[in-house]
1. With angles folded into 0 to 90 degrees, how steeply does helix 442-457 sit against the dominant principal axis of the chain? Use alpha carbons for both and round to 10.
2. First select every other residue whose beta carbon is under 10 angstrom from the beta carbon of residue 28; then total the charges, Lys and Arg +1, Asp and Glu -1.
3. Which value in Å does the Kirkwood hydrodynamic radius of the stretch 341-381 take, with 1/r averaged over all unlike C-alpha pairs and then inverted?
4. How large, in percent, is the carbon and sulfur part of the accessible surface of the stretch 153-205 at a probe radius of 1.4 Å?
5. Note down the relative contact order for the stretch 300-420 as a percent, whole number, built from C-alpha pairs under 8 angstrom at least six residues apart.
6. Could you tell me how many degrees, from 0 to 90 and to the nearest 10, lie between the Cα long axis of helix 332-347 and the main elongation axis, the longest principal axis, of the Cα atoms of the chain?
7. Peptides 365-377, 4-16, 265-277: what's the order by average Cβ count within 10 Å, highest mean first?
8. State the dimensionless ratio Rg/Rh of the chain (Rg: radius of gyration of Cα atoms; Rh: Kirkwood radius).
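The values are calculated or read from the model by the stated rules, or taken from the named source; none is laboratory data. These numbers were taken from a predicted model, which means no experiment stands behind them. When we count neighbours, we look across all protein chains shown, and the Cβ atoms used for this are built from the backbone with ideal geometry, even at glycine. Heavy atoms of the whole protein, side chains included, go into the accessibility calculation; ligands, DNA and RNA do not. Shrake-Rupley method; radii C 1.70, N 1.55, O 1.52, S 1.80 Å.
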Amino acid sequence: MTTCYFAESALLPSGWARDVLFEVAADGLISKLTPHAAAADAERLRGPLIPGMPNLHSHAFQRAMAGLTEKGGPQGDSFWSWRKLMYGFLENLMPDDVEVIARQLYIEMLKAGYTAVAEFHYLHHDANGQPYANRAETGERIAAAARDSGIALTLLPVFYAHGNFGGMAPAVGQRRFINSVEGFSRILESLAGTVKLHPAQRIGVAPHSLRAATPEELSAVVAALNCIDASAPIHIHVAEQQKEVDDCLGWSGLRPVAWLLQHAPIDARWCLIHATHMDNQETQLLARSGAVAGLCPTTEGDLGDGFFNAAMYLRASGRIGIGGDSHAAVDPFLELRLFEYGQRLKMERRNVLAFAIGDSLGGQLYRASCAGGAQALGQNVGQLAVGCRADWVVLNDDDAALAEHSGDGLLDAAIFGPVRAPVRDVMVAGQWRVRDGVHPNGAASLQRYRQVMRRLLN
Ligand code: NGQ
Ligand code: ZN
């Protein structure tokens, strides 16, 4: 059975179109699309229609830490002191908590206009570092939370074995993450089986970083994934902090992005998270590789990471997508605003990432991160086109910041204006997940989330 929807205005791959009739098949894919059509008895969408945004980087459990690490520490705070607090925080997290927090987060994501998420999942073992009876326990909780919320998921079990470059022993605080290649492969296979049962879920893999995986382990983990799915996505944290760059130089003589480009088969399957610190040559080569640079502007701002070499990378046609990462914010529009604002503050200019006269910066950033996000998740989404999944967002033009705007002007206003509620309705795979800003499981989820927070904060 197909269902028909009518949008007075919709963002298609060819640009904004008027009076578009969409047919969505029972499998959740867009089967037909006709601009300049009559509505007939199709369901009329209640605002301008845009593709849903994929969130390409999430550590779901960190949602429950938002706001807890903003107090001065003894010796000047940094990414590294935040990481210590994060390790301490997760000592008390049980599998149930992981599921409750992830479900709450994924509902928040849907309400904000994200329709899919790549979960970079590394909290595998119990508080003593012992595998659960089911080694894939916590990953299964993530998949269940995604199913309950209705968000699409690319599940990236994380391989993590070491504390720093050169195969250093892990710290005690990292014991919940640690696996041998063999133990990890069992988790990967098991989770591949779990997500296979659900059409809007996909498996991938994430060697945590060059700090946590040796070159041999990196190859072995990619080979393990290839046995399951030779086109599935591969994500890695790469060059977030200057110390990481210095340590990598000390270990290999190369900067992390340069090392990866020379030693791993970096191509369109790969997503490099926090390619923050790149020299100009790395920037050009990464842009040419076809990989996606995974930007997480609010988290990178929160953690004091530095500035991505954005103008050069985008001019070289580099691909980008956005991630919520630690979930200091759950808002795709805010991520894109902060991405551009970082460049403005650094360069003391405006519209740094708009290259042609009159180009809408909002339109360009939104389209680029939909495309890059879809690529990074390895899912058939990110545009309103025949054959793509019906993952979409109906904008709320009752929000005064959007009122009377049209076309790309809507995206400029949603990203750079004083919006409060830019999203009205959200669909994933042909199913409404959010109507009028409300998710049907929202109240029940919040109640469970409160119980978890009460325990964690006391
Ligand atoms: C993470 N988060 O894995 O959660 C990391 C911190 C690390 C970010 N990089 C830990 N934002 O990189 O060692
Ligand atoms: Zn991360």
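1. Computed tilt is about 20 degrees.
2. Taking every other residue near residue 28 into account, the sum is -1.
3. Computed over Cα pairs of the stretch 341-381, the Kirkwood hydrodynamic radius comes out at 11.6 Å.
4. It is 60 percent, rounded to a whole number.
5. Relative contact order, the stretch 300-420: 24 percent.
6. Roughly 70 degrees, rounded to the nearest 10.
7. In decreasing order of mean packing, 365-377, 4-16, 265-277 become 365-377, 265-277, 4-16.
8. Using Cα coordinates only, the ratio equals 0.95.
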